[in-house]
Structure formats: structure tokens, C-alpha cells
């Protein structure tokens, strides 16, 4: 039968690509197959095609799929070199047994950014998040232009108290969690929004805001977290304990809230008001270990294809709101260090 078969009766065209020739393919039911291979321990790729134009029609595309099946890139190791102007990323791919791959897939989401370079590559199909493309060899390298990160906020005009609306009862949008003033998470969410405005908003308004912008104590912050140990890797990460407590350790939006807490701490530590900055800086030093556990979520659940962590530990993929909030927290942590 060969090593590449096109199945067209599954609702969407699907490629079956194997590392060993398929000797027999038998339908057991509408969604079960019994496949016999000429050799033992064969690799098999199931590739749903969103567009019929992705059915490989030229020899180079067919060869690329066969090479992917021979050495499937299922493990990725990333390393970075950073400077104020750019970040250089190197991704190396391995098979399940640790051997090097023949081709390296390129992450889909970052490929849309004009700030990131792209190595010479070939697109094989359209994916939900973007193109699935590969480049020759077991590694790929990129450069990301980081000059945008030097941008800073500056007021564009003088604001008078009379021209502003009253301060909201809820100083920060709590997302899908109930607003609870005084709790460590909501204090940090408030600081994330208001701390950068010290010295910008009129003093009469700042006098009303300052008492509500108190960084939590280290003890209160530690008590607000739940620590979760992943059963496979054995690594431990942390999140706000009340975050969708009905769902326990599988609650969603962990990247959103871990990112916001770190961002709030970072902005408070750099606040122009010493009454906020000093306790925030002290807090950052005292909870260095806990900050590492918040960051661990992004390390454990980082997805090379998305260029970001999953939105939850269950494998919920890429959510724009959650991802950029998580990345905001990573930038804040980098500045705190």
C-alpha cells in the first residue's frame, strides 16, 4: 500500500503517513482502523487537511512528509541569546528516542510577526493557528527585533480633576473571579493598572487612590497560592488558590492571572510613589521563590508552536487575551530580576 495514504471519507481529507510501508488497512468501524505494517515499531502520522490544496501533489512535498514520519519532531529544546536590540532563539528537535530529526517545524503564531525573522522553509499545510512549515535539519534559528521594548509611557496632556470621571469601586477588572478588595491577587491587579499613573494623575485623586494601592505582605501572598505538582515531569508550579476553585488544579486562565500578578508587582516596584515602590521592592525580594513557581507554569506548559504557554494546564491552546497577559508578566519578572 505504500507509506502515504489519503483518506477522504472522514469528513475532512486526512493523510496517513508512516515510517514503514502499510501492508494492510482495515476499517473496523466508522472511526477505528486496523493497520498492519511491514516492519515493527512504525511511526504513523494522522494529518487532517483543512484545505484540499494541501494534498501533496509534487514529489518534494511527498518526500517531506515521509521524512517527517521517519524522524517525527516530537520534542523541542529551546535556547536563547538576549540583548537590548534582539533575542536570538534556537530550537532543536528530537524524536521520542532522543535522536535528531531530519526536518524542523516552524512555530505557527510567531511566523505572523514582522519582528521575527524566518529561515528558509517550505509550507506543508494550513493549520488552525497558522501554516505548518518545515526547514531542513534538526534545528531552526530566529531573531526577534526587541527595540520596541524600550518604549515608555509619557503623558500627552495635563489632566485636571474636573475632567476625570469618579474612581470606580472596583479598581481593576477581576476577569472571571469575584472582586475581593484586600486579597493579594486583587491588590496586585489594582497596582498593575494604577501604579504607573503616580505623578501623572492629579494629586487630589492620587490621595484617594494611594490608600487602596498597598502591596500585600509576603505572608498573605504565600497563603493565597496553591502549589500543583505535575505527575509526569514532577515539576511544581503555583497559582492563586481561589482561581476557579470549583475546577481545582485544572482551572483555566492560569497564564492570565499569573501574568497579571507578576505584572502588578513589577509595576508597583517601579512606581514613582516611594510609599508604594519601597514595600513592593521588599515584597519582590521576600517572595522570590513563589515568583519562580508562578513562572514555572510558563516553563512547563510552553508550546513551541504557539510561542507562548497554554491558557490552562489541560491543554487549552492559544487565547489572545490570556497569552498577552501572560507575556506581560514574563516581561515584568525579567525586569524584577
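Just so it is clear, none of the values below were taken in a lab; they were calculated from the coordinates. Because the structure is a prediction, the values reported are computed rather than measured. Every residue, glycine among them, receives a Cβ derived from its backbone with ideal geometry; neighbour counts consider all protein chains shown.
Grab the beta carbon distance between residue 126 and residue 9, set R0 = 22 Å, and tell me the FRET efficiency rounded to 0.05. Before the final figure, lay out each step's value.
Working: r = 21 Å, r/R0 = 0.95.
Efficiency, from the Cβ-Cβ distance: 0.60.
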Note to self: With angles folded into 0 to 90 degrees, how steeply does helix 59-70 sit against the dominant principal axis of the chain? Use alpha carbons for both and round to 10.
What the structure shows: 70
Margin query: Which residues among segment 254-291 fall inside the zone where the amide N is under 14 Å from a point 7 Å beyond the Cα of residue 218, along Cα→Cβ?
Written below: 279-291
Check: FRET efficiency for residue 200 and residue 100, Cβ-Cβ distance as r, R0 = 45 Å, nearest 0.05?
Finding: 0.25
Note to self: How much length would be gained if the chain were fully extended between residue 241 and residue 149, taking 0.36 nm per residue of separation minus their Cα-Cα distance, in nm to one decimal?
What the structure shows: 29.9 nm
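The chain: percent of C-alpha pairs farther apart than 29 Å?
Values: 29412 of 56616 pairs.
Beyond 29 Å sits 52 percent of the P(r) for the chain.
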Item checked: Crossing angle, helix 254-269 versus the chain [Cα axis fit, 0-90 degrees, rounded to tens] -> 40
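Evaluate the Kirkwood expression for the hydrodynamic radius of segment 105-194, namely the inverse of the mean inverse distance over all pairs of different C-alpha atoms, and round to one decimal in Å. Before the final figure, lay out the partial values.
Values: mean 1/r = 0.0550 Å⁻¹.
Taking every pair of different Cα atoms in segment 105-194, averaging 1/r and inverting gives 18.2 Å.
If contacts are Cα pairs under 8 angstrom and at least 6 residues apart, what is the relative contact order of the chain in percent? Present the calculation step by step, with values, prior to reporting the outcome.
Values: 567 pairs, mean separation 39.1, N = 337.
Result for the chain is 12 percent.
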Next item on the list: Provide the gained length on full extension for the span residue 112 to residue 334, in nm with one decimal, where the gain is 0.36 nm per separating residue minus the Cα-Cα distance.
Entry: 77.5 nm
Check: If you take the beta carbon distance between residue 278 and residue 160 as r and set R0 to 30 Å, what does 1/(1 + (r/R0)^6) give as a FRET efficiency, to the nearest 0.05?
Finding: 0.55
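Taking 25 °C and 0.890 mPa s as the conditions, I'd like the Stokes-Einstein D for segment 75-149 in µm²/s, using the Kirkwood hydrodynamic radius from alpha carbon pairs.
Working: Rh = 13.1 Å.
The diffusion coefficient I find is 187 µm²/s.
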Check: Angle, helix 320-336 long axis vs. longest principal axis of the chain, Cα atoms, 0 to 90°, nearest 10?
Finding: 60
Checklist line | Size-normalised alpha-carbon gyration radius of segment 192-246, reference 2.2 N^0.38 Å | finding: 1.72
Notebook entry, point to check: Taking segment 4-70, how much of its Cα-Cα pair set, in percent, is spaced more than 17 angstrom apart?
Noted result: 43
Note to self: Please compute the length gained on full extension between residue 32 and residue 45, using 0.36 nm multiplied by the number of residues separating them and subtracting their Cα-Cα distance.
What the structure shows: 3.2 nm
Notebook entry, point to check: segment 264-309 to segment 61-130: how many Å between their Cα centroids?
Noted result: 29
Note to self: Suppose only helical runs count, i.e. DSSP H with n ≥ 4. What mean residue ellipticity at 222 nm does that imply for the chain under -39500 (n - 2.57) per run, divided by all residues and rounded to the nearest 500 deg cm²/dmol?
What the structure shows: -8500 deg cm²/dmol
Check: Between residue 229 and residue 82, what is the spin-label point distance in nm, taking each point 7 Å from the Cα along the Cα→C-beta axis?
Finding: 3.0
